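Scroll down for the structure; my scribbles are underneath it.
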Amino acid sequence: MPNYDFDLLVIGAGSGGVRAARMAANKGVKVGIIEDRYWGGTCVNVGCVPKKLYSYASHFAEDFKDAAGYGWTLAEPEFDWVTLRDNQRQEILRLNGIYQRLLEGSGVERIDGRGKLVSAHEVQVGDKTYSAERLLIATGSWPYVPDFPGAEHCLTSNEVFNLPEFPKRFLVYGGGYIATEFASIFHGLGAETYQVYRGDKILRGFDEEVRGFVQDEMQQQGVNFYLGREILRIDKHLNALAVTLSDGRTLEVDAVLCATGRRGNVESLGLEQVGITPNSLGEISIDANFCTQVPSIYALGDVTGGPQLTPVALAEAMTLVHNLYSEEENRVMDYSNIATAVFCHPNIGTVGMSEEEAREQYRKIRVYTTSFKPMRNTLSGNPGKSLMKLVVDDASDRVLGCHVVGPDAGELVQGIAIALKAGLTKQDFDATVGIHPTSAEELVTLRSVTRN
Ligand code: NDP
């Protein structure tokens with residue numbers, strides 16, 4: 001066997017890459033990991049973690065208002081962007097350090113720089129070339145910005161967390177996870193917020209009822225939606241941006257966040273050099289064992305075009321390392337019933353099928369749905385409502401989907417995801433005694449079928 005520098009050389013120290021490197025090293029494998037930008041990847045640096053911190057910050061606005069009905073008198077709250085931004089930066093630096101120490105503690109060699117594939121077993125970083133028995137591409141994804149005049153004035157999620165100043169008028173372009181979360185976050189922090197989306201309802205792919213409910217709630221809170229429109233051009237006027245929409249209207253704002261999807265991060269990775277051809281979205285195709293067209297090169301996470309979610313990359317990494325370096329039988333990654341949350345306001349937590357998907361796949365379904373004012377909103381006078389919904393296969397009684405819109409929906413749905421994964425039935429839900437008084441108890445007390 002050739003004398004390689006490493007058994008496994010990982011390109012990209014994001015969620016999937018770091019997990020694969022550490023797990024493999026813990027099994028005694030000689031591992032190197034290459035990263036040129038963010039130790040910890042998108043999630044830790046410019047994704048899930050700072051987003052959640054900003055979402056917490058944003059929720060305070062509502063909390064301060066709600067407090068009055070509960071007897072509190074507060075001075076007029078003021079928000080200071082620089083404090084939030086810099087505290088966030090400190091926290092991310094702390095997490096970067098933890099990631100680096102975790103890798104070192106596992107015996108993984110860290111290599112700073114941009115990795116470029118030069119052969120089926122070699123990666124070049126600067127003027128050095130490293131060899132390995134196996135290479136793992138875990139380079140993640142990168143924001144995609146459509147081409148229109150003035151697109152260069154757009155921010156992406158890479159920049160939005162660290163703006164020098166708070167944009168008082170903020171426009172998000174897109175209707176997916178990032179756009180909807182940031183519309184809520186900046187609106188809560190006090191910006192006049194616009195969300196421009198080409199479709200007629202945000203969050204395509206989610207349950208229709210959930211989409212409509214969330215959009216209505218956000219609109220009621222004061223987010224301005226411009227639906228069925230695209231951005232035609234952006235012109236910079238002194239410090240403001242004039243955004244012209246496809247209906248001819250122009251909106252003047254201080255910042256535009258383009259959140260129109262993420263593509264595989266494969267630029268200058270040297271894929272052509274080794275005979276791997278990504279698709280037009282920059283995604284690398286892999287087999288069930290994460291192997292690319294080249295037998296010694298593996299790939300996982302966002303760059304492979306699966307669900308772009310940190311826990312998916314982590315699970316893929318653990319499956320791959322198990323299959324490569326354990327004596328036990330191979331495992332197959334199970335992509336069914338992956339729960340997810342959107343941290344817009346109100347939050348969405350969802351697992352399993354939407355009502356529409358279930359209708360397509362099952363002969364007869366039962367839908368149980370309820371919307372209500374959470375108890376916390378009674379004394380506060382907050383008009384916000386919550387939605388809870390179960391989609392059930394009529395023949396087997398199995399719960400196929402659970403959708404929650406309301407405070408901490410993700411926290412609630414994580415538990416329900418176990419029930420769906422276990423294949424539990426509506427009868428099992430009904431047999432569960434609720435926790436009173438909570439919103440969550442609605443999920444075990446939904447008795448009347450809303451529609452078949
Ligand atoms: P999404 O795929 O969620 O949404 C992209 C949005 O951009 C869609 O509304 C899409 O419209 C629109 N769009 C795409 N291309 C164009 C175009 N050329 N012109 C105008 N609009 C366009 O991507 P995001 O960027 O929001 O997020 C990327 C991924 O990151 C998510 O899919 C998710 O997997 C992950 N993520 C997860 C989070 C979480 O778990 N909470 C949070 C943030 C991100 P249309 O619907 O019509 O296609």
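Since every read-out is calculated from the coordinates, none of them should be taken as a lab result. Source: prediction; values computed, not measured. Positions of Cβ are backbone-derived with ideal geometry, glycine not excepted, and every protein chain shown enters the neighbour counts.
Tabulated data for the structure shown
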quantity	calculated
Projected area averaged over orientations for the stretch 379-452, convex hull of C-alpha atoms, nm²	5.6 nm²
Charge tally in the Cβ shell below 13 Å around GLY107, where Lys, Arg are +1 and Asp, Glu are -1, GLY107 excluded	+2
Ellipsoid semi-axes in whole angstrom, largest first, where each is sqrt(5λ) of the Cα gyration tensor of the chain	38, 30, 21
Two-decimal Rg/Rh across the stretch 109-155, once Rg and the Kirkwood Rh are taken from alpha-carbon atoms	1.19
Least to most buried among PHE182, PHE166, PHE60 (fewest other Cβ within 10 Å first)	PHE60, PHE166, PHE182
Whole-Å semi-axes of the ellipsoid equivalent to the stretch 1-90 (Cα gyration tensor, √5λ, descending)	46, 13, 8
For the stretch 348-421: rounded, prolate or oblate by the Cα gyration tensor [a/c cutoff 1.5]	prolate
Cα coordinate range in the stretch 270-419, projected on the principal axes (Å, largest first)	63, 38, 34
Cβ-defined net charge surrounding THR193, 15 Å radius [Lys, Arg +1; Asp, Glu -1]	-4
Burial order of peptide ranges 443-450, 66-73 (average beta-carbon count within 10 Å, highest first)	443-450, 66-73
Sum of side-chain charges, LYS421 neighbourhood, beta-carbon under 12 Å (Lys, Arg +1; Asp, Glu -1)	0
